[in-house]
Amino acid sequence: MRSLDDILEEYEFLEGDERYGLLIELGRELEPMPDALKTDATLVRGCSAAVWVYPTESEEPGRLHFLADSNAAITKGIVALVISAVQDKPADEVAGMDVTAALAPFDLKNQLSSNRTQGVPNMIALVKEHAARIAAG
């Protein structure tokens with residue numbers, strides 16, 4: 001998965017529909033999430049499209065790793081953006097991280113409809129809650 005800095009560098013170079021294209025591409029690059037994990041328990045509430053986020057074991061103890069998916073291409077790209085901000089980072093770092101601020105340069109609220117971004121705070125909350133649990137041991 002690309003780093004958030006790498007994605008931002010490319011994103012800032014693009015305009016309008018090209019940015020949508022990048023988000024769709026990011027969604028396609030997500031690690032596949034098995035259908036068996038797409039359950040009510042992994043469903044993120046408040047999203048206009050179906051979004052699933054599932055925490056898995058990282059190769060390194062204390063680091064976060066997530067599987068995620070959506071049934072809508074642009075939304076899946078937004079999910080990929082959120083996940084790229086935290087993927088494989090130490091749980092204690094993510095627990096104290098301002099993920100919203102990390103995503104602010106993408107200006108998603110002004111780039112996308114409110115329907116597409118309304119679930120982002122819920123995704124961030126889910127990721128941070130998991131990070132806090134792992135960090136606490």
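The values are calculated or read from the model by the stated rules, or taken from the named source; none is laboratory data. No experiment lies behind these values; they were computed from the predicted model shown. As a convention, Cβ positions derive from the backbone with ideal geometry for all residues, glycine included, and neighbour counts pool all protein chains shown. Side chains are part of the model used for accessible areas, which takes the heavy atoms of the whole protein and leaves out ligands, DNA and RNA. Shrake-Rupley method; radii C 1.70, N 1.55, O 1.52, S 1.80 Å.
Here is a list: V94, V120. Which entry is within 18 Å of A68 (Cα to Cα), touching a strand residue (DSSP E or B) at 6+ places or on another chain (Cβ under 8 Å) and surrounded by 15 or more Cβ atoms within 10 Å (Cβ to Cβ)?
None of the others qualify; the one that does is V94.
I'm checking my understanding of the structure. Among residues of the range 47-62 that are over 14 Å from A135 (Cβ atoms) and surrounded by 17 or more Cβ atoms within 10 Å (Cβ to Cβ), which one is nearest to the chain's Cα centre (by Cα)?
Result: V53.
Return the pair list, or none, for Cβ contacts closer than 9 Å from residues in the range 117-137 that are of a type in the set (S, T, N, Q) to residues that are in a helix (DSSP H, G or I) and open to solvent by less than 40 Å² (accessible area, probe 1.4 Å), at least 6 apart or on different chains.
As it stands, the answer is T117/I78; T117/L108, since those pairs meet every condition given.
Could you list, in sequence order, the residues of the range 13-36 that are open to solvent by less than 40 Å² (accessible area, probe 1.4 Å) and either free of Cβ contacts under 8 Å to residues at least 40 places away in the same chain or of a type in the set (D, E, K, R) (or both)?
L14, G21, M33
Quick one: how many residues across the range 32-67 are on the phi > 0 side of the Ramachandran plot and either part of a strand (DSSP E or B) or at pLDDT 95 or above (or both)?
0
Among the residues of the range 1-12, which ones are open to solvent by less than 70 Å² (accessible area, probe 1.4 Å) and not in a helix (DSSP H, G or I)?
Matches in the range 1-12: R2, S3.
All but one of (1) open to solvent by less than 30 Å² (accessible area, probe 1.4 Å); (2) acidic (D, E); (3) touching an Asp or Glu at 6+ places or on another chain (Cβ under 8 Å) hold for D69; which doesn't?
The number of the failed condition is (3).
Evaluate the following for D88: is it acidic (D, E), surrounded by fewer than 22 Cβ atoms within 10 Å (Cβ to Cβ) and part of a helix (DSSP H, G or I)?
no
Among A80, A104, which is the only one that is surrounded by 19 or more Cβ atoms within 10 Å (Cβ to Cβ), assigned to a helix (DSSP H, G or I) and either in contact (Cβ under 8 Å) with a residue 12 or more places away in the chain or small (G, A, S) (or both)?
A80
For the range 85-92, state whether one or more residues are of a type outside the set (A, V, I, L, M, F, W, C) and farther than 14 Å from P55 by Cα.
Checked against the condition, which is being of a type outside the set (A, V, I, L, M, F, W, C) and farther than 14 Å from P55 by Cα, the range 85-92 yields at least one hit.
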